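We did not get these values from a lab; they are worked out from the coordinates using the rules stated. Please read all numbers here as calculations on a predicted model, not as lab measurements. Don't worry about glycine lacking a Cβ; one is built from the backbone with ideal geometry, like all the others, and counts go over all protein chains shown.
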Amino acid sequence: MIDPRLRTALLANLKDLPQGDSIVVGLSGGADSVALVRAAVHVGRELSINVGALIIDHQLQAYSAETSQAALTQAQALGANPVVVIPVVVSRDTTAGGLENAARDARRAAFATYCAETGTKAVLLGHTRDDQAETVLLGLARGSGARSLSGMRPIDGIYRRPMLALSREHIRSTVTDLETFEDPHNSNPDFLRVRTRINVLPVMEAELGPGISAALARTSDMLRDDADALDTLAAQISHEEAADVDTLTQLLPAVRTRVLRRLCIAEGCNQNDLTREHITAVDSLITNWHGQGPLNLPGAVNVQRAHGRLTFTTTK
């Protein structure tokens, strides 16, 4: 018998999938993902959806192959089928965002390739409400905007996170009868997220009272709704209108900056390097125009205001 709250969460997250579809759980061997495998297999039978498990071996520990094999054996025992282990190579180039980001990128690439090659419809991820709270808190520390603070989506492309409304403590209480493996990186203080989990959130709970993680998660839900609404308004402005100064002047700042970001990306800017500071500078061509010259943007793109329009040129 699986936990009723977890079952309800999975039914809600998977209700749009037709019978006969195949999905996989991203399995690390940790308590969260093991709980998700067991519950997903059960709910999959209810919904006539095939549930497998995908284990990404990051090869970052000497015993990673043994851990992956143990996770495979356990997933098979829980009824997942197929269960696949995929070794990946993780870049150790710390200039590219650090080991944590590199591991995530390698894992995401493997998930996407597997789904494309097998026709798998979704990858279930074991993120909990506590993971969501950590994401929001890290976004606040970076001074991020509403989109970043809105955290992780329950459904985001091929990825589904059915446990976002449930606490880590509750999820782990459902698998005390099973053997699980805790990745040593999850307790390594070299990682900012780990320091947030171990040092920051407990202090906030102690000093401000219980329920901080739940409050941060609620904040992410509200900000996601707001960000989605603003993005929808921005998407209604055509590419031609987006470069017109008179049109841009009439827009609310929160919509205008989103329109400008979309415009810059469409004109060739590198979206991964396009920062808030860049967009603010472009916005000044609209709101603080005094004849300034072209701005340099990521991707070797220049933008300037001329004859009532924003014009873009590349310097490659």
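Suppose we keep just the DSSP beta bridges with both residues in the chain; what percent of those would be antiparallel, to 5? Intermediate values should be presented prior to the final figure.
On the way: 12 of 27 bridges.
That works out to approximately 45 percent antiparallel.
Given all pairs of different Cα atoms, what value in angstroms does the Kirkwood hydrodynamic radius of segment 118-240 take?
Values: mean 1/r = 0.0614 Å⁻¹.
Kirkwood hydrodynamic radius for segment 118-240: 16.3 Å.
Sort Val89, Val136, Val84 so that the residue with the fewest other Cβ atoms within 10 Å of its own Cβ comes first and the one with the most comes last.
Values: Val89 9, Val136 24, Val84 17.
Going from least to most buried by this count: Val89, Val84, Val136.
At R0 = 30 Å, how high is the FRET efficiency between Asp228 and Gln250 if r is their beta carbon distance? Nearest 0.05 is fine. Intermediate values should be presented prior to the final figure.
On the way: r = 22 Å, r/R0 = 0.73.
My answer for the efficiency is 0.85.
Normalising by the residue count of the chain, find the relative contact order in percent from Cα pairs under 8 Å and 6+ residues apart.
Numbers: 446 pairs, mean separation 45.9, N = 316.
Relative contact order for the chain comes out at 15 percent.
Kirkwood hydrodynamic radius of segment 233-286 from all distinct Cα pairs, in Å? Show your work: numbers first, answer last.
Working: mean 1/r = 0.0906 Å⁻¹.
Evaluated over segment 233-286, this radius sits at 11.0 Å.
Label Ala206 and Asn186 with points 7 Å out from Cα along Cα→Cβ: what is the distance between them in nm?
Going by the 7 Å Cα→Cβ label model, 2.3 nm.
I'd like the per residue volume of the convex hull spanned by the Cα atoms of segment 40-127, given in cubic angstrom.
Details: hull volume 8.7 nm³, N = 88.
So the per-residue hull volume is 99 Å³.
On a 0 to 90° scale, report how tilted helix 212-235 is relative to the longest principal axis of the chain, with both axes built from alpha carbons and the result rounded to the nearest 10.
Helix 212-235 sits at roughly 40 degrees to that axis.
Is any residue of segment 193-207 close enough, with backbone N under 15 Å, to a label point placed 7 angstrom from the Cα of Ala141 along the Cα-Cβ axis, and if so, which?
193-205
Using the beta-carbon distance between Thr315 and Trp289 and R0 = 25 Å, what value does 1/(1 + (r/R0)^6) give for FRET efficiency, to the nearest 0.05? Mind dumping the intermediate values first?
Details: r = 23 Å, r/R0 = 0.90.
For Thr315 and Trp289, the calculated efficiency is 0.65.
Determine the relative contact order of segment 40-158: mean sequence separation of Cα pairs under 8 Å and six or more apart, normalised by residue count, in whole percent.
On the way: 108 pairs, mean separation 21.7, N = 119.
Reported as a whole number, the value is 18 percent.
For the chain, what does -39500 (n - 2.57) per DSSP helix run (n ≥ 4), summed and divided by total residues, give at 222 nm, in deg cm²/dmol to the nearest 500? Walk me through the intermediate numbers first.
Working: 14 runs with 158 residues, N = 316.
Helices in the chain give a 222 nm mean residue ellipticity of -15500 deg cm²/dmol.
How large is the Kirkwood hydrodynamic radius of the chain, counting all unique pairs of alpha carbons, in Å?
On the way: mean 1/r = 0.0456 Å⁻¹.
Roughly 21.9 Å, rounded to one decimal.
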